[in-house]
Amino acid sequence: MSLSVGVIGVGRWGRNHVRVLSSLKDLVDRLVIVDADAERAKNTANMFKADTYYVSLEDFLKNEKELDAAVVAVPTVYHFKVASRILEYMNVMVEKPLAATLEEGYSLLEKAEKQGRKLAVGHIERFNPIVEATYSLVKGKDILSIDAKRLGPGPATNYTLNLGVAHDLLVHDIDVSNMFMENLPTGVFSYKFHKEDFPYEVEIAAFYSYPGGKFASLIASWRTAPSYKHRSLTIRTEDKVLRVDYILRRIIVDKGVEQIPRDGLETSVFSENSYIEISYLQEEPLKAELRNFLEAVKNDKKPKVDGLIGYVALKCIVKALEASEKGQIVKIDWNDVQRFL
């Protein structure tokens, strides 16, 4: 059974969703586009041979309410309004973050449950081969700490629809941290930095505590030169440190000092392994993400990154912003999600 799928919002990232969906011939037999910019909707539909396009969400829902699923790729401030409306008719994957506020995110969880719909969130790093490879190297190990930096030039100063750097970038690394820790943080302390010409934070450093004396130190920043981008992840266990470069797709495993036998003696050497992902041999992360969502819809299974995972990541960044405002550690309780576990 092939599926009929809509994409709501075909800006820079939504266009990528259309491109990938148009290539999933084994899963998608009808592809529909929605964008308020008529020229952009038409051009995208023509380029990727979509079946039709709309410039109004209401026209889309009026004519396409029997679709199996939709991808919501509109700006963050519109996630709740659009996803909530579409959940009344079909399954939804909404781009990260799940919503702008905790109230909106929780409402989407409730609505998906009430309507019996699949709700997935576009935390694409969970489908990144370099993240998956790193996870396999530490699976079963006791992770003590995580350090991550995600730095880039950020949006134009007059573009605020995706909110600040916490919603845009930090949300990736706290989700990755939760995945590796296989647990949820219990508290957070953070600092943030603002620029005079932008209403939201442009840099945030957040320190999350996890059960068992573990922690994650995460920095997300738009305070870089236009040409500079950095994405790194460091994971520490008792016997090794793994350093991951997302951009170079490289993992370096520092195993410390080893003793090597030599002529009846032992020589101390520093041991390090290096792994480089050969990207062209891997499926594109977005393709893997969309395939997982569509197969979950087709086979009536839970998607790998469901609405609850998205809500957890959203709550983590909201609490980090709260901690920076208060200038103190903010506890994070998870009583609100117990009903969805």
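Evaluated at q = 0.09, 0.12, 0.13 Å⁻¹, a Debye calculation over the C-alpha positions of the chain (equal weights, vacuum) places log10 I(q)/I(0) at -0.52, -0.89, -1.03. A probe of 1.4 angstrom, applied to the heavy atoms of all protein chains, finds Glu88 with accessible area near 70 square angstrom. The charge dipole of the chain, taken about its Cα centre with unit charges on the Cβ of Lys, Arg, Asp and Glu (plus for the first two, minus for the last two), comes to roughly 240 debye.
Determine which lysines satisfy two conditions relative to Lys42: a Cα distance under 29 Å, and not lying fewer than 8 residues away in the same chain. Qualifying lysines at Cα under 29 Å: Lys25, Lys62, Lys65, Lys81, Lys96, Lys118, Lys287, Lys298. Qualifying trypsin sites (Lys or Arg not before Pro) in the stretch 50-85, where qualification requires a DSSP coil assignment and no more than 12 other C-beta atoms within 10 Å, comprise Lys65. For the chain, modelled as a GNM whose springs connect Cα atoms under 10 angstrom apart, the maximal fluctuation among Leu161, Leu286, Leu31 occurs at Leu161.
Per-residue Karplus couplings for the stretch 270-275, computed as 6.51 cos²θ - 1.76 cosθ + 1.60 with θ equal to phi - 60°, are listed in order as 8, 10, 8, 10, 10, 10 Hz, Gly and Pro entered as x. Under a no-solvent Debye model with one identical scatterer per Cα of the stretch 189-246, what's log10 I(q)/I(0) at q = 0.17 Å⁻¹? For the stretch 189-246 at q = 0.17 Å⁻¹, log10 I(q)/I(0) is -0.75. The C-alpha atoms of the chain define a longest principal axis, and helix 171-181 lies at about 50 degrees to it. With the alpha-carbon atoms of the stretch 237-322 aligned to their principal axes, the span from lowest to highest coordinate is 62, 40, 25 Å, starting with the largest. Once the 1.4 Å probe is applied to the protein heavy atoms, the chain comes out at 48 Å² accessible per residue. The amide H of Val7, built 1.01 Å from its N in the peptide plane, has Val32, Ile33, Val34, Val71 as neighbours under 5 Å, considering only residues 5 or more places off or on other chains. Given the stretch 55-173, what whole percent of its Cα pairs are spread farther than 17 Å? Beyond 17 Å sits 64 percent of the P(r) for the stretch 55-173.
In sequence order, the stretch 297-312 has phi-based couplings of 5, 5, 9, 6, 10, 6, x, 4, 10, 8, x, 5, 4, x, 5, 4 Hz under the Karplus curve 6.51 cos²θ - 1.76 cosθ + 1.60, θ = phi - 60°, and Gly or Pro positions carry x.
Could you work out the relative contact order of the chain, using alpha carbon pairs under 8 angstrom and six or more residues apart, expressed as a whole percent?
Details: 699 pairs, mean separation 61.0, N = 341.
Relative contact order, the chain: 18 percent.
Residues in the stretch 127-143 carry Karplus couplings, in order, of 10, 6, x, 5, 6, 4, 5, 4, 4, 5, 6, 10, 4, x, 8, 8, 6 Hz; the curve used is 6.51 cos²θ - 1.76 cosθ + 1.60 with θ = phi - 60°, and Gly or Pro positions show x.
So what is the relative contact order for the stretch 81-158, in percent, with contacts set as C-alpha pairs under 8 Å and at least six apart?
Numbers: 45 pairs, mean separation 22.1, N = 78.
It rounds to 28 percent for the stretch 81-158.
What percentage of the solvent-accessible surface of the chain, computed with a 1.4 Å probe over protein heavy atoms, is contributed by carbon and sulfur atoms?
Values: 8030 of 16320 Å².
So the carbon and sulfur contribution to the accessible surface is 49 percent.
When the chain is treated as a Gaussian network with alpha carbon springs shorter than 10 Å, the biggest mean-square fluctuation among Lys287, Lys302, Lys114 belongs to Lys114.
Placing R0 at 35 angstrom, the Cβ-Cβ distance between Glu283 and Trp334 gives a FRET efficiency of 0.60 after rounding to 0.05. Here's the list of lysines a cross-link from Lys240 could span, going by alpha-carbon distance under 22 Å and ignoring same-chain residues fewer than 8 apart: Lys139, Lys141, Lys149, Lys214, Lys255. When the Cα positions of Leu218, Leu248, Ile146 are compared along the charge dipole of the chain, Leu248 comes out farthest toward the positive end, with charges on each C-beta of Lys, Arg, Asp and Glu.
The charge dipole of the stretch 1-144, taken about its Cα centre with unit charges on the Cβ of Lys, Arg, Asp and Glu (plus for the first two, minus for the last two), comes to roughly 280 debye.
Between Tyr53, Gln259, Leu109, the Cα set farthest toward the positive side of the dipole of the chain (charges on each charged residue's Cβ, about the Cα centre) is that of Tyr53. For Gly122, the residues whose amide H sits under 5 Å from its own are Val94, Glu95, Lys96, ignoring neighbours fewer than 5 places away on the same chain, with H placed 1.01 Å from N.
Computed on protein heavy atoms with a 1.4 Å probe, the accessible areas place Thr52, Thr157 in the order Thr157, Thr52, largest first. Rounded to two decimals, the Cα-based Rg/Rh of the stretch 3-73, with Kirkwood Rh, is 0.91.
Rounded to 0.05, the FRET efficiency of the Lys301 and Leu137 pair, given R0 = 25 Å and the Cβ-Cβ distance, is 0.40. Rounded to whole Å, give me the distance from the Cα center of the stretch 29-74 to that of the stretch 102-133. Going from one Cα centre to the other spans 22 Å.
Helix 102-115 and the longest principal axis of the Cα set of the chain meet at an angle near 60°.
Computed over the stretch 155-252, the P(r) tail beyond 19 angstrom holds 49 percent of alpha carbon pairs.
The values are calculated or read from the model by the stated rules, or taken from the named source; none is laboratory data. Computed from a predicted model, the values in this text were never measured in an experiment. Reconstructed Cβ throughout: ideal geometry from the backbone, glycine too, with neighbour counts over all protein chains shown. Heavy atoms of the whole protein, side chains included, go into the accessibility calculation; ligands, DNA and RNA do not. Shrake-Rupley method; radii C 1.70, N 1.55, O 1.52, S 1.80 Å.
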